[in-house]
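Chemist: Here it is, the structure in full.
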Amino acid sequence: MKETINVIVIDDNEYFNNVLSTSLQQSVTSIVFKGRHQLVMRSFTNGEDYVRMIRSGELACNHSAIFIDYYLGKGLNASHIIKLLRESSCDNMIVLMSQSAGVKDKESLPDYDYFVVKDNFAPALCSLYLKQFIENRFSVSVD
Amino acid sequence: MPDKSDKMSLKGTIQVKVGLLMVLAVMLLLATCYLSYRNLSAVVSSIRIDANPQLKLLTIREIAMDLEKAENSVRLYTVTKNPADIKPYYSVISRIDDKVAKLRKEFRNDSVLLRQTDDISRLLEQNILLWNQLLALNKDDKVSEYFRKLADQLDSLAQNSEKKEKGILRRVFSRNPKAQIDGQALRTGIDSLFRQDSLAKDEMIIRESRIASTGRQLKGKFYDLISRMENEITGTITAKAESAGKMAGNTYTWLILLAVSGGLLAMMILIIIVRYVRKAGAYQEALETSRAEAEQLARTKELFVANMSHEIRTPVTAISGFTGQLLGAKPDEETRKSLEIIKSSSDHLLKIIDDILDFSKLQNEKLVLERVDFSPRRIMEEVYPLFEGQARQNGTSLSFSVDGGTPRVLSGDPYRLKQILINLVGNSIKFTKNGSVKYSVTSRETAAGEIELQLEVSDTGIGIDESKHEMIFEDFTQAEMSTARKYGGTGLGLSIVKKLVHLQNGTISIKSKRNQGTVISCIIPYRKGSGSIDVNEGKNEARDHTELAGLKVLVVDDEEYNRLLFRKILEKWNIEVSEASSGMDALELLKTNRYDLLFMDMLMPGLDGLKATKFIRDEMKIGTGQMPVIFISAASIDEEAEKFRNAGINAFLRKPFTEEMLLDAVTGAAGKGSEPEAHAARVDAPETGPLKEDGINLGDLYHIAAGDRDFVRQMLLSFEDTTRKGLKEIESAIGDGNWDQVAESAHRLLPPCRHLGAMELFNLLHEIEKNSRERISTDSLGSLTERSVIEFGRVCKLLEGHMAKMA
């Protein structure tokens, strides 16, 4: 049975969400061709939708690489979602993204794995972290 | 898991079982063949025997027919008196004897049939007598003459025949005067018959009648006997047929039994073989598992050794490095001595770690030799100062010589040559007190054009007993147990030397006697050096590092004390040092800063040095000429050097490093880094128009799209749409005085603007976000928003123009 790798992008900016999702998908296409894993790519412009799907069991939170923007609109930020994911004890990687590098210095931030500034290198850097996550957790070479 | 002895035992048992069953199978096969042959032979034999009685019966029937013929002939003659009619009779009776003899011969092995043949013979004799009497009653001249001829014939036969056994005719015609009719008596009888013919006419009819009656009786008896014989033969045939049938039945039974046994045996062999194959498969699997486990264990061990050595090396490097720095700061005498002890101890510890690492690599055949041009003289010179102090402390003189004919440049692995020399000289120094240690190099050119370098290290030390010469090259071995206690050491030095020499296709030999010193010689083949190197022989000039002043260097290492050591040394040379404790931090720094040189640690948590370097080269497009990357590692990277170079790493610096090594690395890399290299933009679809022009840069978008123009178009439309909406939200929020909403909306619009290179729009929106978060007046926000809308319109025009070109 193929192992499922969930790749989740949560960003309220549709443009960046799309760019990042495309970039991530391209970076790990090679493992899909190897046939042992299947990649489930989901993008959300709304963090609430993701939380609802996780809670309903519609989407597994295990084996997930989650790329989440800090500011999610409507006065919401990624903190409560990261907290929720950490409490679930799921085996996942959380990459926190923000336009501002200063975000990572916020004291109230829950534990995340990587921080990426949403600049032009962000898609490439996120892809690098995704590859690293897959290689480490699934013992498969992505390149 | 089965062990080796179990496997051997199983193999032996299986072999015995299969062997025994095979022997049994062969025996069964042989028995089957034998029994089948025997029974089939018997059946064939009986068939052959069965064929013969038919011939015998034929002979008997021939005799019977002959008798009929003879009787008819006699009867015809008695009626016709024609001598021609009696001829068949004589013909028959002349052959009858042969036929009876033939029959007797055929029945010679059967007493019953032989007896009956004798009876037939006797009856024939009587019958012939009767027929003769009948003929005598019908005599005439011709009859008499015939009888005379017959008598002559009989005489002649009597004289010539040597047969002991008498034929029927002979017996008939050689009877005594009373009971036998011989030729003379027959003639007399015939004469008498002639004479009495007229007298006995009446009596003849009566006698003829009596003779005929007797003949019939005899004939009946004769046929009865023939019938009996036929019955006897038929009985025999039937008995033999029954016997053959029985034998065939037995054969079938045997064949069935043997076939069943053979089948069972084959099944047993098959079961045993299947079981054996299954067990062998299980053992094979267990063996594979064991091998995999052993390999995994070896890998784990190797990794453990590498990791441990790294873990130990890192702090020891720092200790050694900082001690060196403190020693360079001219401390007081007491502190200097203490620091020298620390330095010496940490260097010794590093040497042990190096030995263990090298030994592990040599054992696992992982050590890869380098091939570069080097100066053998320089290596000899470099080794000298390493032991000069120690030799002086031991009261030992240390000297070296380089033969004048030694080539200035050779091609090979100088690091390993130096390692061999350091080990050998170090050993000699260690075991020589108040004596002398010399090392020298000579060379000779081989027929193949190679240069054989002969290293010789001689000392006047404690020497080694001849019986232990071989042993000292073994792993973890020293000549005496007490040696390790007295002089220290792991016992790996000479073992490593031997392995290194052999790895380079060289030879090593030793001449030594206890208390008479030691001479160790190594002959290692090298190629002639092709390039010219800066040999700088015999010079130990103070290095000038003023040219390095002002360089900007980034040091990336997760170990703080390593970064500090770098900083301490580099800042002495007026180099500007920046630090990053992880690969991620380094990338963040590189986004906004440019450095002349980067020192990158290999192993770091999160993003390791290799991946970070690859990202710098591939994604950030900072070329090797623009910013050289020097990889720092405690482990040897020989076998992966090519991979690292391909990732964009310029040079390597091995930990622990000396100030000199660091200076070499910085000067070397800085020199190479002087070539300007363009910071290449990511352009994947240049033919579609101005990707980079005043206000936009679509390079990144095209890079991600990987040639998918529809995606590009879709993304551009998406940008226009979301930005338009976002700007309206900002305008609306400004109207409502909702500062947070203004900041949030502006913030959300920033990444796409930056991604498309719309930096003017980006800056305006960034200003809006900043002002709104800082609650700066709505007037300025309104002005900024207006400018943003105008700029957005300009960007949209550019994008639409681009899309039009795409179409």
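Taken together, the values in this text are just the output of simple stated rules run on the coordinates, not laboratory data. Worth saying up front: this structure is predicted, and the values here are computed from it rather than measured. For neighbour counting, all protein chains shown are included, and Cβ atoms are generated from backbone atoms with ideal geometry for every residue, glycine included.
Chemist: Any idea how far the Cα center of segment A:63-111 sits from the one of segment B:267-283, in Å?
Modeler: Distance between centres, Cα-based: 60 Å.
Chemist: On to the next question. I need the phi-derived Karplus couplings for segment B:392-398: 6.51 cos²θ - 1.76 cosθ + 1.60, θ = phi - 60°, integer Hz, Gly and Pro marked x.
Modeler: Each residue of segment B:392-398 in turn: 4, 4, 7, x, 10, 8, 10 Hz.
Chemist: Right, another one. So how compact is segment B:232-273: Cα radius of gyration and Dmax in angstrom?
Modeler: Considering segment B:232-273 through its Cα atoms, Rg and Dmax are 17.7, 59 Å.
Chemist: For B:GLU311 and B:ASN505 in one chain, what is 0.36 nm times their gap in residues minus the Cα-Cα distance, to one decimal in nm?
Modeler: Details: separation 194, 0.36 × 194 = 69.84 nm, distance 3.35 nm.
So the extension gain works out to 66.5 nm.
Chemist: Starting at the first residue of segment B:237-254, write each ³J(HN,Hα) from the Karplus equation 6.51 cos²θ - 1.76 cosθ + 1.60 with θ = phi - 60°, in whole Hz, x for Gly and Pro.
Modeler: 4, 4, 4, 5, 4, 4, 4, 4, x, 4, 5, 4, x, 4, 4, 4, 4, 4
Chemist: Tally Lys and Arg at +1 and Asp and Glu at -1 over the other residues with C-beta under 10 Å from the C-beta of B:LYS438: what net charge comes out?
Modeler: Working: positive: none; negative: B:GLU456, B:ASP459.
After counting each charged neighbour, the total is -2.
Chemist: Net charge near A:ARG86, counting Lys/Arg +1 and Asp/Glu -1 over other residues with Cβ under 14 Å of its Cβ?
Modeler: Around A:ARG86, the surrounding residues sum to -3.
Chemist: Give me the distance in nm between label points sitting 7 Å out from Cα along the Cα-to-Cβ direction at A:SER141 and B:ARG645, one decimal.
Modeler: 2.0
Chemist: Still on this structure, please answer the following. Over all residues in B:235-243, what is the mean tally of Cβ atoms on other chains that come within 10 Å of each residue's Cβ? Present the calculation step by step, with values, prior to reporting the outcome.
Modeler: Working: counts 0, 0, 0, 0, 0, 0, 0, 0, 0.
Partner Cβ neighbours, averaged per residue: 0.
Chemist: May I pose another question? With N set to the number of residues, divide the alpha-carbon radius of gyration of segment B:729-807 by 2.2 N^0.38 Å and report two decimals.
Modeler: For segment B:729-807, the normalised Cα radius of gyration comes out at 1.15.
Chemist: Now, a different point. Considering all projection directions equally, how large on average is the shadow of the alpha-carbon convex hull of chain A, in square nanometres? It would help to have the intermediate numbers written out before the result.
Modeler: Working: hull surface 33.0 nm².
That works out to 8.3 nm², a quarter of the Cα hull's surface.
Chemist: Moving on to the next point. Could you list which residues have their amide H under 5 Å from that of B:ASN697, counting only those 5 or more apart in sequence or on another chain, with H placed in the peptide plane?
Modeler: B:GLY757, B:ALA758
Chemist: Okay, next question. Return the average number of partner chain Cβ atoms within 10 angstrom of each residue Cβ along peptide B:578-591.
Modeler: 2
Chemist: Quick one: which of A:LYS2/A:LYS131; A:LYS104/B:LYS728; B:LYS351/B:LYS614 span more than 26 angstrom between C-alpha atoms?
Modeler: Beyond 26 Å: A:LYS104/B:LYS728; B:LYS351/B:LYS614.
Chemist: Given bins 10 angstrom wide, list per bin the percent of all Cα-Cα distances in segment B:548-672, short to long.
Modeler: 14, 52, 32, 2
Chemist: For the pairs B:LYS498/B:LYS643; A:LYS106/B:LYS611; B:LYS69/B:LYS99, flag any whose C-alpha to C-alpha distance is greater than 21 Å.
Modeler: Going by Cα-Cα distance, B:LYS498/B:LYS643; A:LYS106/B:LYS611 fall outside the 21 Å limit.
Chemist: So what's segment B:368-528 giving for Rg/Rh, alpha carbon basis, Kirkwood Rh from the mean inverse pair distance?
Modeler: Looking at segment B:368-528, the ratio lands at 0.96.
Chemist: Quick one: which residues, 5 or more positions from B:TYR526 or on another chain, have an amide H under 5 Å from its amide H? H modelled 1.01 Å from N in the peptide plane, none for Pro or chain starts.
Modeler: Excluding prolines and chain starts, which carry no amide H, the hits are B:ILE451, B:GLU452, B:LEU453.
Chemist: Starting from the 7 Å offset along Cα-to-Cβ, what nm value, one decimal, do you get for the label separation of B:SER467 and B:THR446?
Modeler: Reported label-point gap for B:SER467 and B:THR446 is 3.6 nm.
Chemist: Another question, if that's okay. Using the Karplus curve 6.51 cos²θ - 1.76 cosθ + 1.60 with θ = phi - 60°, work out ³J(HN,Hα) for each residue of segment B:407-418 in order, rounded to whole Hz, and write x for Gly and Pro.
Modeler: With coefficients 6.51, -1.76 and 1.60, one gets x, 5, 10, 10, 10, x, 9, x, 5, 6, 5, 5 Hz.
Chemist: I've got another one for you. B:SER436's amide H: which non-local residues (gap 5+, or another chain) put their own amide H closer than 5 Å, with H modeled 1.01 Å from N in plane and none for Pro or chain starts?
Modeler: The answer is B:SER397, B:THR460.
Chemist: Across 10 Å bins from 0, what is the distribution of all Cα-Cα pair distances for segment B:304-402, in whole percents?
Modeler: 13, 28, 37, 20, 2
Chemist: List the residues of segment B:566-590 whose backbone N lies under 19 Å from a point placed 7 Å from the Cα of B:LEU349 along the Cα-to-Cβ direction.
Modeler: The answer is B:566.
Chemist: What FRET efficiency would be calculated for the residue pair B:MET65, B:SER209, taking the C-beta separation as r and a Förster radius of 35 Å, to the nearest 0.05?
Modeler: So, using R0 = 35 Å, E works out to roughly 0.85.
Chemist: Count the net charge of all other residues whose Cβ sits under 10 Å from the Cβ of A:ASP111, scoring Lys and Arg as +1 and Asp and Glu as -1.
Modeler: Value of the local net charge: +1.
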